[in-house]
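Quick notes on the structure that follows.
The values are calculated or read from the model by the stated rules, or taken from the named source; none is laboratory data. Predicted model, so just to flag it, every value in this text is computed and none were measured. Every residue, glycine among them, receives a Cβ derived from its backbone with ideal geometry; neighbour counts consider all protein chains shown.
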Amino acid sequence: MKLVLNGSFEDSGHEELGHPERPERTSAALLGVDDLHLGDDLVRAPMYAATRAELMRVHAGTYLDELGAFCYAGGGDIDEDTYATYDSWSVAQHAAGAGLAVVQELQRLGDGVGFVVTRPPGHHALADRGMGFCLLNNIAISAAALVAQGERVLIVDWDVHHGNGTQAIFWNQPDVMYVSTHQSPLFPGSGAAYEIGGMNALGSTINIPVPPGATGDVVRRAIDDVATPSIAAFEPTWVLVSAGFDSHRDDPMADLALTSGDFAAMARTIARFAPRAGRFAMFLEGGYELNALRTSVAASLAAVLESPYSAEAESFGGPGAQQVQSAREERLVALRIAEEAATQGDYS
Ligand SMILES: [Zn+2]
């Protein structure tokens with residue numbers, strides 16, 4: 001199977017000395033791609049900067065104006081975690097455009113698997129605010145473009161952090177299902193199991209928080225037992241992954257205990273939710289330990305491309321089985337309450 005990668009662009013201007021979200025991350029992810037030796041099966045989508053109209057499917061025009069002006073004035077800190085530089089506006093536009101170009105190339109081929117290797121990441125970015133290292137919500141911009149074409153889009157987010165931005169953007173959008181597994185408690189603090197979507201999209205947000213130390217078996221069970229029945233009923237026509245590799249056991253930002261083999265297993269499971277080849281793409285989100293990032297990228301891509309790669313063993317035995325079961329129950333209760341309230345017209 002072919003791998004469609006975004007066209008490379010210069011992201012080194014988006015850097016703040018000592019910040020973990022650094023240019024070496026994309027290099028490490030690309031080394032993971034190189035490790036698969038794909039030869040002619042590696043296809044590059046053209047480099048592309050998202051247009052204002054494409055960004056405005058997700059972001060407020062006032063926010064885009066403010067962010068552009070802030071960057072061109074030299075940038076600085078947006079909040080205690082999030083920075084922008086003079087170059088960041090251009091880098092962020094190209095990061096958003098990279099997803100659009102990969103999706104378009106997959107549509108043209110009618111085959112293959114997509115991988116969008118860009119930074120800054122996107123899943124914390126809200127419609128009107130950047131946060132959590134993120135400026136523009138790359139995966140949401142691609143999902144919104146697909147929805148505009150009449151597609152039903154599943155987004156699975158296995159980053160160790162909850163993708164609060166993606167959830168908020170599609171909260172009331174019935175054509176997008178957002179599924180997140182994430183460590184709790186952890187930044188940004190959202191992503192409780194009872195967060196299930198707005199009145200027009202009840203049940204299309206699925207959150208499964210897991211405790212520090214959770215291993216791959218727990219996270220994989222969260223997807224299999226809690227999310228899979230709803231995903232099957234949703235019948236996605238496209239599947240996108242917020243592929244954050246900061247849930248790897250070696251990552252310094254958080255405390256989950258996943259291995260590259262766990263990412264491979266999850267990628268294989270999630271890719272099967274797509275109705276056919278050419279409708280599955282992974283977007284790089286977090287991942288701050290460069291070797292773990294490299295090996296996890298290679299392992300998860302190899303799994304969906306059916307390429308040979310020797311990944312770490314899948315992990316077992318950590319805490320969290322009880323929390324997954326509780327999340328399932330809490331979600332069902334929230335759905336029942338919301339549906340009752342909706343019939344009485346007082347849920348918003
Ligand atoms: Zn993260």
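List of remarks:
- Condition check for VAL4: farther than 17 Å from SER90 by Cα, at pLDDT 95 or above and over 19 Å from the mean Cα position of the chain (by Cα): no
- Among the residues here, TYR72 qualifies as of a type in the set (Ser, Thr, Tyr) and free of Cβ contacts under 8 Å to residues at least 24 places away in the same chain.
- Residue pairs whose Cβ atoms lie under 6 Å apart, separated by 6 or more positions or on different chains, with the first residue in the range 282-295 and farther than 15 Å from ASP34 by Cβ and the second charged (D, E, K, R) and buried (at least 24 other Cβ atoms within 10 Å of the Cβ), are GLU285/ASP159; GLY286/ASP159; GLY286/ASP246; GLY287/ASP246; TYR288/ASP246.
- Residue match in the range 164-180 (condition: buried (at least 24 other Cβ atoms within 10 Å of the Cβ), touching a Pro at 6+ places or on another chain (Cβ under 8 Å) and either in a strand (DSSP E or B) or in contact (Cβ under 8 Å) with a residue 12 or more places away in the chain (or both)): yes
Per-residue answers, yes or no, for (1) within 16 Å of the ligand (Cβ to nearest atom); (2) assigned to a strand (DSSP E or B):
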site	(1), (2)
ALA281	no, yes
GLY286	yes, no
ASN291	no, no
SER300	yes, no
VAL304	no, no
PHE316	no, no
GLN322	no, no
ALA327	no, no
ALA334	no, no
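- Per-region count, the range 126-135, residues within 16 Å of the ligand (Cβ to nearest atom) and outside any loop (DSSP other than H, G, I, E, B): 3
- In the range 136-163, the residue that is nearest to the chain's Cα centre (by Cα) out of those that are part of a loop (DSSP other than H, G, I, E, B) and more than 15 Å from the ligand (Cβ to nearest atom) is LEU136.
- Any chance PHE70 is among the aromatic types (Phe, Trp, Tyr) and crowded, with 24+ Cβ neighbours inside 10 Å: no
- Pairs, first under 19 Å from VAL113 (Cβ atoms) in the range 304-321, second surrounded by fewer than 18 Cβ atoms within 10 Å (Cβ to Cβ), C-beta under 6 Å, six or more apart: LEU305/MET1
- Any hit, the range 33-47, residues being of a type in the set (Gly, Ala, Ser), crowded, with 20+ Cβ neighbours inside 10 Å and at pLDDT 95 or above: yes
- Any pair with Cβ under 9 angstrom, 6 or more apart, that starts in the range 101-125 at a residue that is of a type in the set (Gly, Ala, Ser) and part of a helix (DSSP H, G or I) and ends at one that is modelled with pLDDT of 95 or more and within 16 Å of the ligand (Cβ to nearest atom): ALA101/VAL116
- Scan the range 222-257 for residues that are free of Cβ contacts under 8 Å to residues at least 60 places away in the same chain and surrounded by fewer than 23 Cβ atoms within 10 Å (Cβ to Cβ) and the total you get is 7.
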